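Okay, structure first, notes after.
Please treat every number below as a calculation from the coordinates, not as lab data. In this text the structure is predicted, and so the values were computed from the model without any measurement. Every residue, glycine as well, gets a Cβ built from its backbone with ideal geometry; the counts of neighbours run over all protein chains shown.
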Amino acid sequence: MDRRHLLTTGAALGAASTLALPTRLLAAGAPLKVGVLLPRSGVQAGIGQDCQRGVDIAAPILKSLGLPDLEIMNGDTESKVEIARSTAEKLIGAGAQLLIGAFDSGQTTAIAQVAEQKGVPLVINIAAAPQITEQGYKFVFRNFPTAGTILSNAFEQQKAVFAQVGHAPKSVVFMHVNDTFGTAMAGGIGKVMPKFDMPYKIVETIAYDPAARDLSVEIAKAKATGAEALLCVSRLNDAILLTREMIKQRWTPQAVLSMGPGWYEDQYLKTLGKYSDGPLTFSPWYDPKKKLSQTLVAALAKKHPNVNLNTNHVFTFEALLIAADAYKRAGSADPKALAEAIRKTNITDNSSMGPGIMFNAKGQNDKVVDGTVQNVGGKQVVVQPEASATAKAIWPLPAYDKRG
């Protein structure tokens with residue numbers, strides 16, 4: 001029985017037999033089996049499919065960096081917490097030696113519980129709920145900032161944008177999805193915002209279901225407040241619905257200040273065309289001046305023409321980068337060895353903003369920071385921080401009813 005046959009047979013027998021294979025066989029060219037869990041269907045399908053593009057471009061780039069091969073095992077969470085849990089269990093049962101996922105905080109929380117219980121490392125690509133890395137887990141690692149960090153960075157960079165354009169709103173209406181991420185962000189605002197002496201007041205908070213198909217009442221309520229700007233925490237589908245309602249109800253605030261996904265997504269840009277221009281997003285992003293970012297831009301353009309590089313691609317790719325780097329240093333797919341190698345990660349030639357990828361005692365990369373991007377002409381341009389910026393912010397938001 002040759003090595004390829006032995007590995008194939010081991011995978012068929014399940015996770016236990018795969019992990020029991022001798023280290024010398026696993027380290028002698030066999031790829032690490034990585035289960036990638038994403039919401040590929042359901043209400044968050046657009047974003048899950050976009051994250052997959054970060055997987056699509058990874059293999060040749062990782063090879064060029066001298067890193068070992070990864071065998072990708074795809075899993076669909078269907079945008080549901082219970083499905084995320086059962087799919088994680090199935091992937092581990094099918095031989096996955098490391099998990100990556102899952103964009104949504106609620107789904108990721110469920111996957112983290114499974115990973116910890118089974119003793120299989122989980123590298124979180126995107127998910128910001130703070131509690132995920134506050135459980136004392138030994139096999140869970142997150143290369144993405146927590147909601148509190150996103151908020152702190154957002155308030156700092158909002159003030160920098162206001163200083164740059166010479167104007168600041170005095171009032172905002174805060175709209176947010178009522179899922180795990182949106183609720184965590186809403187809860188964090190009351191604790192974080194007072195520390196930054198923001199020039200505006202939140203005149204009203206409006207929560208809504210991210211699966212809602214009609215947000216006309218919510219926009220009418222927001223418009224009625226007379227707020228000068230819209231502060232929001234959204235997802236993709238609802239960001240499109242909110243924009244369409246603002247157009248329909250002829251409400252153009254001075255600015256849309258988004259803290260999270262939705263407004264920068266390619267599908268948002270393509271669906272709304274000229275009406276997509278203007279929103280400012282304060283979110284973890286890539287540094288366009290880093291060498292690896294430029295490599296990712298070129299690779300994505302080749303694999304997926306007319307798709308702009310964004311957070312979904314970058315942080316999903318970096319999760320795979322972490323996995324391959326740890327596998328190379330561990331020289332083994334043993335879960336404890338992999339977890340220990342991930343814990344000692346120190347990747348400085350990365351793509352996302354900040355000094356690099358490294359983890360604290362909780363498994364959290366607390367060095368990664370936000371960027372500020374604005375939609376301009378169907379593209380996302382970085383306007384903050386200044387060291388990474390490629391353009392100046394446009395203010396105020398161009399009126400929707402005067403866009404040709």
Proximal lysines to K90, defined as alpha-carbon separation beneath 16 angstrom and excluding residues fewer than eight positions away on the same chain: K33, K80, K118
Region 349-388: C-alpha gyration tensor shape, a/c 1.5 cut-off, then a/b vs b/c: prolate
Order of H176, H304 - criterion: other Cβ atoms within 10 Å of each residue's Cβ, fewest first: H304, H176
Region 246-317 versus region 62-82: alpha-carbon centroid distance in Å: 22 Å
Ascending count of other beta-carbon atoms within 10 Å, so fewest first, for I124, I247: I247, I124
Considering only the chain, percent of DSSP beta bridges that pair antiparallel, nearest 5: 25 percent
Top of Q364, Q267, Q131 by mean-square fluctuation, Gaussian network on the chain, Cα under 10 Å: Q131
Kirkwood Rh (inverse of mean 1/r, distinct Cα pairs), region 260-404, angstrom: 16.7 Å
Prolate/oblate/rounded label for region 62-154 (Cα gyration tensor, a/c 1.5): oblate
R213, R40 arranged by Cβ crowding within 10 Å, fewest neighbours leading: R213, R40
Inter-label distance for H167 and A387, nm, one decimal - labels placed 7 Å from Cα along Cα-to-Cβ: 3.1 nm
Kirkwood hydrodynamic radius of region 146-292, Cα pairs, Å: 15.6 Å
Reachable lysines from K289, criterion Cα separation under 16 angstrom, eight or more residues apart if same chain: K392
The chain pair-distance distribution - Cα-Cα, 10 Å bins, rounded %: 5, 24, 33, 23, 11, 4, 1, 0
Relative counts (whole %) of C-alpha pair distances in region 154-218, using bins that are 5 Å wide: 4, 14, 23, 22, 17, 12, 6, 1
